[in-house]
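The values are calculated or read from the model by the stated rules, or taken from the named source; none is laboratory data. Since this is a predicted model, take the numbers as computed values, not measurements. Positions of Cβ are backbone-derived with ideal geometry, glycine not excepted, and every protein chain shown enters the neighbour counts.
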Amino acid sequence: MNAFALAPLVLGLPILGVLFNGFVGRRFVEADRSVGEKWSGWAASIMALSAFVIVVLLYFSLQANGHHAEIVPMMDWISIPSANFHIPWAMQIDTLSVTMMLVVTGVGSLIHIYAIGYMHGDPNFSRFFTYLNLFLFFMLILVSGNNYLMLFVGWEGVGLCSFLLIGFWFDRTNEKGEAMNANAARKAFVANRVGDLAMILAMSLTFWTFGTLNFEPVFDSAVEMFHSGAMVHFGAFSASLGGVLTAITALFLVGATGKSAQIPLLVWLPDAMAGPTPVSALIHAATMVTSGIYLIVRSNVLFEIVRESHALVLGVISSPDLVALVGALTAVYAGLIAFTQFDIKKVLAYSTVSQLGFMIAAVGMGAYVAGMFHLITHAFFKALLFMGSGSVIHGMEHGHHHISHGHGHDNHHDHFDPQDMRTMGGLRHHMPTTFWTYLVGSLALAGIVPLAGFWSKDEILAHASANSGGINTVVYILLTIAAFCTAFYMARQVKMVFFGEPRHKAAEHAHESPRTMTMPLVILAILAILGGLLNFPHFGAEAEAAHGAETAVVAAGEHAAEVESAGGLNLALEHWLEHSIASFHLTEEGVVEMPHTPTTLQIPVATISSVLAIAAIAIAYFLVYGSRPKTADERDPLQATPIWWMAVLPLNTLYMGYIVPAFNRLAEWAAHTLDWAFWHDFVHDNIIRNIFVGFANFASNVLDAQGVDGIVNGSGSVARWLANQIRRSQTGYARNYALSVFLGTVVLLAYFLFMAR
């Protein structure tokens, strides 16, 4: 089977959806909303589903050709023959890109269908689906390009779509008149630009070093230069390859902190919850925020060469260790902040930041498969949770609408917040499908066996434990704490939202969401249950037998597919991805020594994480919250515990209480003093303008009027004087002309007689 020729359709189909909704979708909706919404929403959804089908065909094509990467050229993009510089627009179809495309199109399709019900009645229904399809297009470019420049096009494109979708309701304001959605969109855009600058610098340095931006030539050249010990020359300066790659990978980390919301650029993602819930599920849980993880996994060769070269960032820490440490710190930091949130989506937002920290830490430690495994399972259960929260919000809004219009209206409801968990409670009775699917997602996120989150999170912890020492030990401790936090805040959320008695009349009148919203929840819940099978570990004696079979097959030089059959269904994702993660092969060849991830279930690690998760759930559900709070106005139980210091110092108030005011003062000073008073008034008016005007006056009054005009007018005066002198010889008398001829003859005779001898 060979479906590689169909690969361009993966990009083309979402663009068709963009064109349909961008040009005619609105007309359908305005003509007949009930029919037009179906045309608009299902057109976009069918394009996403069709792209998913194409990616499935590409998956089987890779299986059929022995997992060999296929480059599908589409057009010549940038070509400078004189400089031997060629950047094609081509798709790289390998196991890594197909994995990402399956997640993007698969989960994305479910979110598209969910959005049909969620966005029902929105005046800009077709515009929303235009943006969704456009985002899908750019995300697929990001993960399918065969070079860093094409990746960067998708990287910038998803940043643009994130801005458009976060600020989709840009005209909405809060009680203070602040355009929170628009502000959140701008905040995301600016934070991402910081990471994008680092990406541009990294690509520039990569091109200077290797003369290309295509993935395979860059990686091959890096290995060859590392083998030969070649130096990288920058004019009169030179540096070791390890030092240059350290700079490149550190800049990649900065880029990843922007897109994947890590310290210090994580501040944009929680505010991004201002966008519609399908946006939160698609962009900020399952796809765009994983771009940084994909970038690092795709660049695994560069990171492993840095690890092998022992080069350090500023002489302190290697860039892979820095990646791992940033991820672990982010996981704990965001997990603690989630304790104090009351907005149902804000809890999930900080949870997303925390789980992205797990992934970043994994790939930083060299556990690339574990990082990708958690990326996939997280896409399942976090998309489920975000869409479940949207279903809850949808139900609360309808409950509020019911009491406002069906049973009278009072001012108490004017400032009702359908996302505030303090107004919820008891929703499991009113929204059973949402409750059970949400519970599955919460337990999967908490790492409860046998759900998907347990297996992927445990693999990361097992890797950190097995490679303990130095940074990895610190990372293991931090991630274990973060895992405890995850279970606690999810138990807190489930308790506040679904259990107890309703704390607001809106919760009493909430009802289940339509099937277009609940069916995607059911599908994602099934994936959250079964997702662990994607990279199921070995157990005990079975592991030894499988390991022996794999060793024998590899030693005999047999095909890699036979290795997979020797191991059965275990470690399926690792066997699949090892064909794209070149560091596996470089380790076998002895070029690098990639850290080993245990292939068996590590009972001590799994036991510790499971006990901590269950303990956290029990503490949150029974001890801290118990039967409280009973009313929406009752003080949150956490406020009466010592742990509430996190709400004051230094976590969730650090940004809003200190950083934002300081930034605003700095921005005000920069705008009024630095830019206007100094740059505009002093530099521009007094220096630039006055000097320019003075020189212009000098040029006009002196150089032009007296200089240029003087030369021109003077030349005319001289010519006039000379003409007057010559005119005197023209008298009109014959005798004067005869005398002139005679004198001329005398002069000529004298010349010939005396001078021409």
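Observations on the model:
- Helices (runs of 4 or more DSSP H) contained entirely in the range 241-345, each with at least 1 residues that are under 16 Å from the mean Cα position of the chain (by Cα): 241-259, 268-271, 277-281, 291-298, 319-338
- The number of residues in the range 200-236 being of a type outside the set (A, V, I, L, M, F, W, C), touching a residue at least 40 places away in the same chain (Cβ under 8 Å) and in a helix (DSSP H, G or I) comes to 3.
One line per residue, one yes/no per condition, for (1) outside the structural domain of residue 110 (by TED's automatic domain parsing); (2) polar (S, T, N, Q); (3) closer than 30 Å to residue 470 by Cα; (4) surrounded by 24 or more Cβ atoms within 10 Å (Cβ to Cβ):
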position: 315; (1), (2), (3), (4): yes, no, yes, no
position: 326; (1), (2), (3), (4): yes, no, yes, no
position: 332; (1), (2), (3), (4): yes, no, yes, no
position: 353; (1), (2), (3), (4): yes, no, yes, yes
position: 358; (1), (2), (3), (4): yes, no, yes, yes
position: 361; (1), (2), (3), (4): yes, no, yes, yes
position: 367; (1), (2), (3), (4): yes, no, yes, yes
position: 382; (1), (2), (3), (4): yes, no, no, yes
position: 404; (1), (2), (3), (4): yes, yes, no, no
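- Within the range 433-454, considering residues that are more than 26 Å from the chain's Cα centre (by Cα) and outside any helix (DSSP H, G or I), the one surrounded by the fewest Cβ atoms within 10 Å (Cβ to Cβ): 450
- Filter result for the condition that a residue is at pLDDT 90 or above and surrounded by fewer than 21 Cβ atoms within 10 Å (Cβ to Cβ), over 9, 13, 58: 9
- Number of the condition not met by residue 173 [criteria: (1) hydroxyl-bearing (Ser, Thr, Tyr); (2) modelled with pLDDT under 90; (3) surrounded by 15 or more Cβ atoms within 10 Å (Cβ to Cβ)]: (3)
- Of the candidates 457, 505, the single residue that is in contact (Cβ under 8 Å) with a residue 12 or more places away in the chain and surrounded by fewer than 24 Cβ atoms within 10 Å (Cβ to Cβ) is 505.
- Yes/no for residue 285 being modelled with pLDDT under 90, aliphatic (A, V, I, L, M) and buried (at least 24 other Cβ atoms within 10 Å of the Cβ): yes
- Options 412, 402, 394, 374: the member that is at pLDDT 90 or above and either on the phi > 0 side of the Ramachandran plot or assigned to a helix (DSSP H, G or I) (or both): 374
- Tally of residues being surrounded by fewer than 19 Cβ atoms within 10 Å (Cβ to Cβ), in contact (Cβ under 8 Å) with a residue 12 or more places away in the chain and β-branched (Val, Ile, Thr) across the range 17-45: 0
- The combined condition, being out of contact with any strand residue (DSSP E or B) (no Cβ under 8 Å at 6 or more places or on another chain) and in the same structural domain as residue 141 (by TED's automatic domain parsing), is fulfilled by residue 57.
- In the range 462-538, counting only helices (runs of 4 or more DSSP H) that sit wholly within it, the ones holding 3 or more residues that are out of contact with any Gly (no Cβ under 7 Å at 6 or more places or on another chain) and modelled with pLDDT of 90 or more span 471-498, 515-530.
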